[in-house]
Amino acid sequence: MFTRRQALLGAAAATMVAGALPKLASAAPVTEAEIAALPRQKITLVAPPFVHAHDQVATSGPKVVEFTMPIEEKKVVIDDEGTEFQAMTFNGSMPGPMMVVHEGDYVELTLINPDTNSMPHNIDFHAATGALGGGALTLINPGEQVKLRFKATRSGTFVYHCAPEGAMIPWHVVSGMSGTIMVLPREGLKNEKGEALRYDKVFYIGENDFYVPRDEEGNYKTYESHGESYADTVQVMRGLIPTHVVFNGAKGALTGDNAMKSKVGETVLIVHSQANRDTRPHLIGGHGDYVWEEGKFANPPAKDLETWFIRGGSAGAALYTFLQPGVYAYVNHNLIEAVELGATAHFVVEGEWNDDLMKQVVAPSPITTN
Ligand SMILES: [Cu+2]
């Protein structure tokens, strides 16, 4: 006799077969042999705001995607006054590079801590499950490397950051050690109706809050080493008021010659991360056509946003098609942070002006009575 229960189980089995896609956390364990049989792809990471080439829609089944990231402790200049900062970086950039995979892929990261560094480091992927996001399995001293594999079971934009033990965690994060991984749905991005969305370009903007100590005269202090800067820096950190809030590691890193380029009619995906502190991106003169504020693609995007909210410890994504040429400031819309502390980037967009959308009907001229 065919029971209702069997019918339900049968339907569930049929759904699983039809789904056919990544075996997620609840499915039977995948064996090492099965993972070893998967195709592998080696990616060379690129410095933000650019992102390595990738397919938006997966062209095959799950694979193992290999990344290599050296960690680099170094001194960098973070503003146009020449302020020196004891940075800690993934791959030499702040933020670290964005990785892109598809849901169901395996991420295989070789993390390298060269012996020119002075501290232990690791990596906590918010996209990963277990062992402190991988942090417990990746702690390496200078002169060591480690290889971590995790399965990307949830789609979205997720922060990764260094999380060595205890009191060191916030210091490493606000010294620059964060980045983002974007896990795309295998079928690509969708709007709230399930229709496909595509982007022509993707830019990754990482926002950093820095806490640079000052001397008695109020000038920023410089230090010989990271260790020497630690005690003073923690004192500033405890005040919770950053001295700098910047995009891509320095004030002006994405303006002028380094402005991001686009064209009228082009659709741009802007991924924005903040590993430590809340922020609120806004594109002056534009909008977020579709915004995954929390960055998680299983949720339908919000539409037509003016400003969006990125929680500290997360990355979000906004899709926008440029409709007018010109220079667009992309800011953290706490405007004190944007203008005084540095959180401003520029998009330079080429193309034809649309008078229908906006026109200066009368140019500035003396006030008349009627
Ligand atoms: Cu670290």
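Computed from backbone phi with θ = phi - 60° and the Karplus coefficients 6.51, -1.76 and 1.60, the 3J(HN,Hα) list for the stretch 102-116 is 10, 3, x, 6, 9, 9, 10, 10, 9, 9, 10, 10, x, 6, 7 Hz; x is used for glycine and proline.
Over the chain, dividing the summed -39,500 (n - 2.57) contributions of all DSSP H runs of at least 4 residues by the number of residues returns a 222 nm mean residue ellipticity of -3500 deg cm²/dmol. Close amide H partners of A253, meaning residues 5 or more places away or on another chain with modelled amide H under 5 Å apart, are F247. Normalised by 2.2 N^0.38 Å, with N the number of residues, the alpha-carbon radius of gyration of the chain equals 1.10. Taking amide hydrogens as placed 1.01 Å from N in the peptide plane, the amide H of L197 sits under 5 Å from those of L189, K190, N191, each at least 5 positions away in sequence or on another chain.
In whole angstrom, the stretch 24-184 maps to an equivalent ellipsoid with semi-axes of 29, 18, 13, each derived as √(5λ) from the alpha carbon gyration tensor and ordered largest first. Here the dipole of the chain is about 1640 debye; that uses its Cα centre as origin and unit charges on the Cβ of Lys and Arg (positive) and Asp and Glu (negative).
Were the residues from D215 through Q41 laid out at 0.36 nm apart, the gain over their Cα-Cα distance would be 57.7 nm. With contacts taken as Cα pairs under 8 Å at a separation of at least 6 residues, the stretch 24-184 carries a relative contact order of 23 percent. For the pair L335 and R149 in one chain, pulling the backbone fully straight at 0.36 nm per residue adds 62.9 nm over the alpha carbon distance. Put a dot 7 Å past the Cα of K74, heading toward its Cβ, do the same for V348, and the two dots end up 2.5 nm apart.
Too long at a 25 Å Cα-Cα cut-off: which of K75/K263; K263/K359; K221/K251? Pairs exceeding 25 Å: K75/K263.
Going by amide H atoms built from the backbone, whose H comes under 5 Å of the H on G176, apart from near neighbours? Under 5 Å from the amide H of G176 lie the amide H atoms of M88, each far enough along the sequence or on another chain.
Please figure out what share of the DSSP beta bridges in the stretch 24-184 is antiparallel and state it in percent, rounded to the nearest 5. The answer is about 65 percent antiparallel. Annotation: for a label point projected 7 angstrom from Cα along Cα→Cβ of S118, residues of the stretch 141-178 with backbone N closer than 18 Å are 141-144, 164-165, 167-177.
Spatially, the stretch 154-178 and the stretch 337-354 are offset by 28 Å when compared through their Cα centroids.
Please identify every one of the GluC sites (Glu not before Pro) in the stretch 221-297 that sits in a loop by DSSP and has no more than 14 other beta carbons within 10 Å of its own beta carbon. Hits after loop and neighbour filter: E224. Partners of K63 within straight-line reach, counting lysines whose Cα lies under 16 Å from its Cα and excluding those fewer than 8 residues away in the same chain: K23, K42, K151.
Every read-out reported here was derived from the displayed coordinates using simple, explicitly stated rules and does not represent laboratory data. Bear in mind the structure is a predicted one, so any value in this text is a computation, not a measurement. Don't worry about glycine lacking a Cβ; one is built from the backbone with ideal geometry, like all the others, and counts go over all protein chains shown.
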